[in-house]
Amino acid sequence: MASPAKDRKPVSLPAPNSDFYELVETLPAEELAIVKQVRTFMETNIAPIITKYWVEDAFPFEILPAIKELNIGGIGMQGYGCRGGSAQLFGLIAMEMARVDSSIATFFGVHNGLAMGSIYLGGSEEQKQKWLPPMARWEKIGCFGLTEPLVGSGTSRGMLTTAKRDGETWIINGEKKWIGNAPWCDISIIWARDVADDQVKAFIVENKTTPGFKVEKIQNKIALKVVQNGLITMENCRIPEANRLQQDQSFRDTARVLKMTRFMVGWEATGCAMGAYENALKYCQERLQFGKPIASFQMVQDLLAKMIANITASQCLLVRMGQLQAEGKLTDAHASLAKAFTTAKCRETVAWARELLGGNGITADYNVARFFADAEALYSYEGTFQIQNLILGKAITGFSAFV
Ligand SMILES: Cc1cc2nc3c(=O)[nH]c(=O)nc-3n(C[C@H](O)[C@H](O)[C@H](O)COP(=O)(O)OP(=O)(O)OC[C@H]3O[C@@H](n4cnc5c(N)ncnc54)[C@H](O)[C@@H]3O)c2cc1C
């Protein structure tokens, strides 16, 4: 007797695909080839080793030569030895990286976005010529020091790190907390308040040769454990005027960098959700309960459907953001909406992925726990959900609710 249709096993199951609306097709062929190259790199070089490093709180320095070979330094920036390409290409690379590991995407985003982006947007022609080519070749790795132990969300008004001009040098004093790549990288973009005019200015500090500059690695993190975050202490660090980013005059210039990188965090969050979804879907197709794959249960499919909907909505929003950026129309509020929405949807999606793995969702051995934990950092860094919504709220109502 033939079995009822509902009991029939499918001949072959669809492979997990988190690009449901064929987002990659929106890229020109040349850029698509770069994205595919990054996907292969992440799946071949990173996926097999990353859990070990995540558990050990360590950065896989062995991958740096292969990253250099990818030739993606300075992606999204034109000239100065940078790879060039569109903002959308930069975003999709960040997404592809985060789809396998959010820490590697963050390492890339801090160097390529926050550090190189600060020099690209705020440096003089001479400064760009000097610093960007070695950074694009990954010979000098950068970090971005804005947050302080006592001042996080409020850096626009209450920054405690000071810069005092003394002839052709500046004397910098203060602390910076959470600075990604800082424990081992070469240069830091340090934001400090000029005691003369009370405005925030940016300085390129050479980590390894500047007397008074110390970095302590932050221990015991539960998210983005592969990224090495530092607590920087600066005691009477003397920085030449030639290392002050010449076009940056106030926190408005810091915000120009953050506008670009918050949009990138949106891509990272979407990639993180994609990785969690694909791992969870594969697990659900294979895991049997009550004699059936759990993917065949209605309530499991409901969660999987909501996950792919979150991911697809985030991807579509970010593609439009890329168009606005290319047209020079991207505002702070646009970037804030994208950062807040995509990281919140990521957080929701990774939690459902974790739930679908049952007990196995809380061990690093099944990957999903790593995405679940890492989403917490994406949700909070580069401006928390509340701060993004305050920026958006001001734009849509006309009233600033910042206190
Ligand atoms: C893994 C990781 C990597 C990071 N990397 C970097 C880096 O490379 N460089 C760097 O400069 N910084 C970095 N940061 C710092 C990050 O940007 C800050 O943690 C973030 O901006 C929030 O600051 P805070 O942690 O001091 O929280 P707080 O500002 O103390 O906020 C605590 C809570 O209060 C809420 N809150 C604060 N003010 C308001 C308000 N006015 N209205 C409503 N709610 C409010 C916040 O939303 C949050 O929920 C990193 C952080 C992490 C966790």
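The values are calculated or read from the model by the stated rules, or taken from the named source; none is laboratory data. Worth saying up front: this structure is predicted, and the values here are computed from it rather than measured. Quick reminder, even Gly has a Cβ in these numbers, built from the backbone with ideal geometry, and neighbours come from all protein chains shown.
Set side by side, the residues Trp138, Trp131 differ, and just one is under 24 Å from Trp54 (Cβ atoms), at pLDDT 95 or above and among the aromatic types (Phe, Trp, Tyr), which is Trp138. For the range 133-142, a residue qualifies if it is touching a residue at least 60 places away in the same chain (Cβ under 8 Å) and crowded, with 19+ Cβ neighbours inside 10 Å, and the qualifying residues are Met135, Ala136, Trp138. Just so you know, in the range 173-213 the residues that are among the basic types (Lys, Arg) and closer than 19 Å to Phe107 by Cβ include one that is farthest from the ligand (Cβ to nearest atom), and it is Lys208. Pairs meeting the criteria (first residue in the range 229-250 and assigned to a helix (DSSP H, G or I), second residue of a type in the set (A, V, I, L, M, F, W, C), beta carbons under 6 Å, at least 6 apart or on different chains) are Asn243/Phe203; Asn243/Ile204.
Just to be sure, is Thr342 of a type in the set (Ser, Thr, Tyr) and either under 15 Å from the mean Cα position of the chain (by Cα) or surrounded by fewer than 24 Cβ atoms within 10 Å (Cβ to Cβ) (or both)? Give the steps one after another, and end with the answer.
Working: of a type in the set (Ser, Thr, Tyr): yes; either under 15 Å from the mean Cα position of the chain (by Cα) or surrounded by fewer than 24 Cβ atoms within 10 Å (Cβ to Cβ) (or both): yes.
Yes, satisfied.
Could you list, in sequence order, all residues of the range 51-101 that are under 17 Å from the mean Cα position of the chain (by Cα), of a type in the set (Gly, Ala, Ser) and not in a loop (DSSP other than H, G, I, E, B)? Once the filter is applied, which keeps residues that are under 17 Å from the mean Cα position of the chain (by Cα), of a type in the set (Gly, Ala, Ser) and not in a loop (DSSP other than H, G, I, E, B), the range 51-101 yields Ala87, Gly91, Ala94, Ala98. Checked against the criterion of being surrounded by 15 or more Cβ atoms within 10 Å (Cβ to Cβ) and touching a strand residue (DSSP E or B) at 6+ places or on another chain (Cβ under 8 Å), the candidates Ile294, Ile387 yield just one match: Ile294. Only one of the numbered conditions (1) surrounded by fewer than 19 Cβ atoms within 10 Å (Cβ to Cβ); (2) outside any helix (DSSP H, G or I); (3) more than 12 Å from the ligand (Cβ to nearest atom) is not met by Leu330, and that is (1). Somewhere in the range 350-359, is a residue under 14 Å from the mean Cα position of the chain (by Cα) and in the same structural domain as Lys306 (by TED's automatic domain parsing)? Taking every residue of the range 350-359 in turn, none turns out to be under 14 Å from the mean Cα position of the chain (by Cα) and in the same structural domain as Lys306 (by TED's automatic domain parsing). For the range 362-393, the set of residues classified as free of Cβ contacts under 8 Å to residues at least 60 places away in the same chain and assigned to a helix (DSSP H, G or I) consists of Ile362, Ala369, Ser380, Phe385, Asn389, Leu390, Ile391, Leu392, Gly393, listed by residue number.
Apart from one condition, Phe290 fits all of (1) at positive phi; (2) touching a Pro at 6+ places or on another chain (Cβ under 6 Å); the exception is (2).
Within the range 143-172, the set of residues being in a strand (DSSP E or B), more than 10 Å from the ligand (Cβ to nearest atom) and either on the phi > 0 side of the Ramachandran plot or buried (at least 19 other Cβ atoms within 10 Å of the Cβ) (or both) comprises Ala163, Trp170, Ile172. Take the conditions (1) within 12 Å of Ala340 (Cα to Cα); (2) more than 8 Å from the ligand (Cβ to nearest atom); (3) hydrophobic (A, V, I, L, M, F, W, C); Ile387 misses just one of them, which is (2).
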